[in-house]
Amino acid sequence: MATTPAVARRRTNTLIWIWTAFVLIAVYLPIVCGALASFNKSRYFGFPIKVYATEWWQKTLDSIEIGMLVRNSIAIALLVTAISVVIATFGALAFARYDWKGRRLYQKLILLPVFFPQPVLGLALLLGFNAVGIQTSWLTAVFAHLVWIVPVVTLVIAIQVYGFDPSLEEAAYDLGCTRVQVFREVTLPLLWPGIWSGMLFAFLLSWSNFPLSLYTAGADSTIPKWLYAKMVAGYTPMVPALGTMATLGAASLLLGGGLIMLLLRRRQPA
Amino acid sequence: MFQTIPADAPPAHAATALPILQLVGVRKMFGGFAAVEGIDLDVREGEFLTIVGPSGSGKTTLLRMLAGMDQPSEGNITLRGELINDMPPNRRPTCLVFQSLALFPHKSVGENIAFALKVKGVDAATRKKRALELMRVVRLPDNYHDKNVMKCSGGERQRVALARAFAYDPDVLFFDEPLSALDYKLKKALEKELKDLHRETGKTFIYITHSLEEAMVMSDRIGVMRAGKLVQVGTPEEIYGAPVDRFVSEFVGEVNTLKMTRAGAEWHGVDVPGTFTLAPPKDGAALDEAFVVIRPEYMRFLAPGDRADNRLSGAVYNEYSLGSRIQYQVRVGEKVMLVELSRAHALAPGASREVTIGWDAADAFTLGS
């Protein structure tokens with residue numbers, strides 16, 4: 001029997017649904033499992049969970065050690081965000097806006113660190129710090145994060161740079177602006193959406209980075225470093241609890257960032 | 001005492017005023033390529049000068065040098081006697097209306113218009129007052145002041161760009177084909193408005209376009225550019241009526257061009273058979289070889305007994321309606337000649353397509369190149 005177009009279309013739709021559901025489950029189920037594991041009253045990891053409790057969340061929130069490493073993670077991420085966004089904004093202008101000798105080489109070289117295996121990059125940086133005699137700490141981790149994150153943020157902002165007409169800057173210059181005024185009145189407002197996304201990228205990539213921190217943060221711990229250490233030795237449900245908190249933190253940052261973006265768009269003239 | 005001023009004399013200010021802009025030997029090299037090659041030009045205060053040329057002729061490069069966005073490799077540009085070769089755009093009393101218009105998409109219509117005032121530090125109330133004044137000048141309704149500029153139509157954006165340039169209060173305004181993206185009717189309307197604004201404001205306008213038609217409508221003078229050089233500068237009548245070479249004559253519109261060689265006092269056709277009477281070339285050069293350029297509207301069909309300085313026999317093989325006029329394509333041997341007539345003088349439907357066409361020597365140009 002031949003299939004009618006209507007039946008074929010229904011079949012296609014069903015397949016799309018099954019595929020989408022599979023992908024979503026594969027991506028989000030582990031996160032849900034982690035969250036569930038953190039509500040296990042028992043100290044040891046195992047499904048099904050017999051008794052649910054929030055005591056490990058309470059313990060996590062009360063822990064002085066965890067408070068310290070969360071502060072480390074935030075400090076690193078904030079510093080990385082601030083530095084990378086400045087470097088990347090001007091880097092993106094050099095990448096996409098201006099024509100100069102060596103630009104094509106720069107475009108390739110700046111992107112290479114993204115493709116380096118991070119453990120290798122981390123090891124290389126650690127050896128480098130040792131060679132020049134720098135004691136590793138959360139500050140060296142900031143440097144390591146920057147090596148990997150600046151290229152990503154540069155690319156994110158460069159996309160925005162490609163999207164705007166260079167004659168806008170010329171027009172502003174022609175209408176009497178100084179170079180600084182051109183940047184403040186035209187370049188920055190038009191790049192703002194890209195800069196904002198770049199900032200979110202920078203923070204979140206630093207926040208969740210494990211390999212670079214492992215090698216270069218020295219004695220200072222970060223959330224991913226601690227999660228790993230506790231998985232290797234000394235597991236308690238505080239591990240999934242902190243992991244879930246970190247995920248929720250990232251998710252709310254993303255959500256908040258999106259909302260601010262939306263509000264800024266609304267504020268434009270009708 | 002009274003002086004008689006001939007009717008065709010240029011306006012007094014044009015004859016007496018010093019040039020506001022003066023270009024001497026201006027060249028612009030990009031690598032080994034000369035985009036602009038030795039331009040000498042005086043721009044008079046208050047005139048509407050249009051530079052026309054095909055794409056790649058260097059007209060945009062020339063304009064960018066005048067606006068200060070590019071610097072000449074050689075030569076001098078002076079504004080009211082002051083050398084401005086390296087003066088940056090923000091210090092020049094000039095303003096460029098871009099081809100893309102370059103309106104600030106994150107600013108409202110009013111903010112776009114008052115931008116130059118904001119840069120100067122003028123307070124918000126004065127800025128709004130001035131923006132509204134300028135909006136009236138360019139015929140934009142007051143309630144557009146707070147409108148998102150990206151939500152304006154093509155014609156409205158055009159007006160915003162113009163008002164924004166006026167707010168800077170420049171001595172010279174440059175236009176880089178700002179009308180090229182508009183549909184025909186709107187373009188025609190805006191051309192006339194631009195000409196009106198030029199008269200009302202008394203500013204010097206320098207306009208570039210590839211459309212000579214546009215140039216003819218608006219300009220006091222036209223400069224024709226080819227391959228980085230100014231081939232001819234003159235009033236629209238001079239460009240149309242006395243082109244210096246074939247390039248200029250063909251740029252103005254469709255023309256008939258015939259190559260001729262001289263044998264003694266007689267001119268012989270190269271593309272078409274026969275001997276012809278030629279008007280002497282305007283520059284008085286003695287030529288052995290010449291091109292005769294005849295505009296289609298100066299060609300006519302000859303009935304037996306009609307007299308004309310020159311005549312050719314051929315066959316009509318195509319006719320196009322141009323609205324109020326009709327264009328005939330007449331094949332004369334290998335050559336196709338164009339004849340354009342008003343409808344009143346059209347060939348009768350039944351008339352023979354074997355025709356004699358002719359023109360008078362005085363209606364054609366004799367050119368050396």
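Summary table below
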read-out	value
Selection count where residues are aliphatic (A, V, I, L, M) and within 11 Å of another protein chain (Cβ to nearest Cβ), scope the stretch A:187-200	3
Residues being in contact (Cβ under 8 Å) with a residue 60 or more places away in the chain and either under 18 Å from B:Arg311 (Cβ atoms) or basic (Lys, Arg) (or both) - total across the stretch B:341-369	7
Of all residues making up the stretch B:328-357, the number that are modelled with pLDDT of 85 or more and assigned to a loop (DSSP other than H, G, I, E, B)	2
Among residues of the stretch B:117-138, those that are without any contact (Cβ under 8 Å) to a residue 12 or more places away in the chain and at the interface with chain A (Cβ under 10 Å from one of its Cβ atoms), counted	3
Residues within the stretch B:162-172 that are crowded, with 23+ Cβ neighbours inside 10 Å and either within 11 Å of chain A (Cβ to nearest Cβ) or among the charged types (D, E, K, R) (or both), tallied	3
Of all residues making up the stretch A:222-234, the number that are of a type in the set (Ser, Thr, Tyr) and crowded, with 22+ Cβ neighbours inside 10 Å	1
Of residues in the stretch A:162-186 being surrounded by fewer than 20 Cβ atoms within 10 Å (Cβ to Cβ) and closer than 30 Å to A:Ala77 by Cα, the one nearest to the other protein chains (Cβ to nearest Cβ)	A:Phe164
Residue in the stretch B:80-116 that is surrounded by the fewest Cβ atoms within 10 Å (Cβ to Cβ), counting only those that are touching a helix residue (DSSP H, G or I) at 6+ places or on another chain (Cβ under 7 Å) and more than 10 Å from chain A (Cβ to nearest Cβ)	B:Ala114
Test: A:Gln181 is in contact with a helix residue (DSSP H, G or I) (Cβ under 8 Å, 6 or more places away or on another chain), at pLDDT 95 or above and polar (S, T, N, Q)	yes
Qualifying residue in the stretch B:169-178 (condition: in a loop (DSSP other than H, G, I, E, B), in contact with a strand residue (DSSP E or B) (Cβ under 9 Å, 6 or more places away or on another chain), in the same structural domain as B:Val217 (by TED's automatic domain parsing) and over 26 Å from B:Pro89 (Cα atoms))	no
Unique match (being out of contact with any helix residue (DSSP H, G or I) (no Cβ under 7 Å at 6 or more places or on another chain) and exposed (fewer than 11 other Cβ atoms within 10 Å of the Cβ)) among A:Thr14, A:Thr54	A:Thr14
Subset of the stretch B:236-271 (residues that are touching a residue at least 24 places away in the same chain (Cβ under 8 Å) and of a type in the set (Val, Ile, Thr))	B:Ile239, B:Val244, B:Val248, B:Val252, B:Val255, B:Thr257, B:Thr261
Every residue from the stretch A:9-34 that is small (Gly, Ala, Ser) and at pLDDT 90 or above	A:Ala21, A:Ala26
Residue count for the stretch B:139-161, restricted to those that are buried (at least 20 other Cβ atoms within 10 Å of the Cβ) and more than 14 Å from chain A (Cβ to nearest Cβ)	3
Checking B:Ala227 against (1) crowded, with 18+ Cβ neighbours inside 10 Å; (2) out of contact with any strand residue (DSSP E or B) (no Cβ under 7 Å at 6 or more places or on another chain), the condition it does not meet	(1)
Unique residue being more than 30 Å from B:Gln158 (Cβ to Cβ) and either surrounded by fewer than 14 Cβ atoms within 10 Å (Cβ to Cβ) or within 21 Å of the chain's Cα centre (by Cα) (or both) when the list is B:Arg221, B:Arg295	B:Arg295
Candidates B:Gly68, B:Gly53, filtered to the one that is under 30 Å from B:Val24 (Cβ atoms), among the small types (Gly, Ala, Ser), out of contact with any Leu (no Cβ under 7 Å at 6 or more places or on another chain) and within 13 Å of chain A (Cβ to nearest Cβ)	B:Gly68
Lone unmet requirement of (1) surrounded by fewer than 21 Cβ atoms within 10 Å (Cβ to Cβ); (2) more than 10 Å from chain A (Cβ to nearest Cβ) for B:Ile77	(1)
A:Ile159 surrounded by fewer than 20 Cβ atoms within 10 Å (Cβ to Cβ), more than 14 Å from chain B (Cβ to nearest Cβ) and closer than 30 Å to B:Val160 by Cα	yes
Matching strands (runs of 3 or more DSSP E) fully within the stretch B:16-93 where at least 1 residues are over 20 Å from B:Phe205 (Cα atoms)	B:19-30, B:33-44, B:74-79
Among residues of the stretch A:261-270, those that are at pLDDT 75 or above and either surrounded by 12 or more Cβ atoms within 10 Å (Cβ to Cβ) or within 14 Å of chain B (Cβ to nearest Cβ) (or both), counted	4
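Conditions tested, residue by residue: (1) assigned by TED's automatic domain parsing to the domain that holds B:Ala351; (2) within 30 Å of B:Glu74 (Cβ to Cβ); (3) touching a residue at least 60 places away in the same chain (Cβ under 8 Å).
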| position | (1), (2), (3) |
| --- | --- |
| B:Ser219 | no, yes, yes |
| B:Gly223 | no, yes, yes |
| B:Val233 | no, yes, yes |
| B:Pro273 | yes, no, yes |
| B:Ala303 | yes, no, no |
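The values are calculated or read from the model by the stated rules, or taken from the named source; none is laboratory data. Because the structure is predicted, anything quoted here is derived from the model rather than measured. Please note: Cβ atoms are built from the backbone with ideal geometry, for glycine as well, and neighbour counts cover all protein chains shown.
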